[in-house]
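Take a look at the structure below.
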Amino acid sequence: MITQRTNGFDSRQGLTLAHLLCVYTLMDLTHPLNCVTFNLQRATRSLMRGFEMAAKDSGLTVPQFSTLSLLDGFGQISVTGLGEKLGTDRTTMTRNLGVMARKGWIAEVPAKDGRLHVWTLTDAGRERLAVAMPVWRAFQAGLVDKMGEGQVRSILETLTKL
């Protein structure tokens, strides 16, 4: 705890230097601590760690959960389609799909266009997703409780602009 006046705030009122920096820098969008990319990345890592810890019994990472969820919702989908929906490049998507295929959670299916690689969820993948889905719902509900439904909707709306 600092004991001097900084930027008009008296630290004896319970404000730490970190609080003061935050208050000061939140007003300055040119300050490096207010880099949108940095703050989104930091928040994403924190959320991913939290979900993966909560869902450890499922054995799924966040990218795997997202992929299995999409396959569950869309049925069969190409590597390109999955990559577009997940915001993942084709090389990374192909590598991630290979890992899940080796675990037996997904399978490649023949496509009418032989150039496409189309994937579907297997029974083992559905079982894995069934373990993780209640954890995700509870995790999501916890975030809504913590931030408020309006704030969550606002964040999701803002993210669609990126």
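The values are calculated or read from the model by the stated rules, or taken from the named source; none is laboratory data. Values in this document were obtained by computation on a predicted structure and should not be read as measured data. Cβ: placed from backbone, ideal geometry, glycine included. Neighbour counts: every protein chain shown. Surface accessibility is based on the protein's heavy atoms, side chains included, excluding ligands, DNA and RNA. Shrake-Rupley method; radii C 1.70, N 1.55, O 1.52, S 1.80 Å.
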Report summary line: Filtering chymotrypsin sites (Phe, Trp or Tyr not before Pro) in the stretch 115-162 by DSSP loop and by at most 12 other Cβ atoms within 10 Å leaves none
Report task. Using a/c under 1.5 as the rounded threshold, could you call the stretch 122-162 rounded, prolate or oblate? The axes a ≥ b ≥ c are square roots of the C-alpha gyration tensor eigenvalues, and prolate needs a/b larger than b/c, oblate otherwise. Result -> oblate
Query - Karplus-derived HN-Hα couplings along the stretch 151-162 (A = 6.51, B = -1.76, C = 1.60, θ = phi - 60°), whole Hz, x at Gly and Pro - result: 5, 5, 4, 5, 5, 4, 5, 5, 5, 5, 7, 8
Query raised in the report: Within the stretch 80-151, which trypsin sites (Lys or Arg not before Pro) sit in a loop by DSSP and count at most 10 neighbouring Cβ atoms inside 10 Å?
Result: 112, 115
Report task. Can you send over the carbon and sulfur percentage of the accessible area for the stretch 25-97, probe radius 1.4 Å, protein chains only? Result -> 59
Query raised in the report: Can you give the translational diffusion coefficient of the stretch 15-162 in µm²/s, computed by Stokes-Einstein from the Kirkwood radius over Cα pairs at 25 °C and 0.890 mPa s?
Result: 139
Query raised in the report: Among the aspartates and glutamates, which fall within straight-line cross-link reach of residue 85, defined as a Cα-Cα distance under 19 Å, with same-chain neighbours fewer than 8 residues apart omitted?
Result: 72, 108, 157
Query - Cα-based reach from residue 56 at 24 Å (exclusive), listing lysines while leaving out same-chain residues under 8 positions away - result: 103, 146
Query - For the stretch 82-132, accessible area per residue (1.4 Å probe, heavy atoms of protein chains only), Å² - result: 63
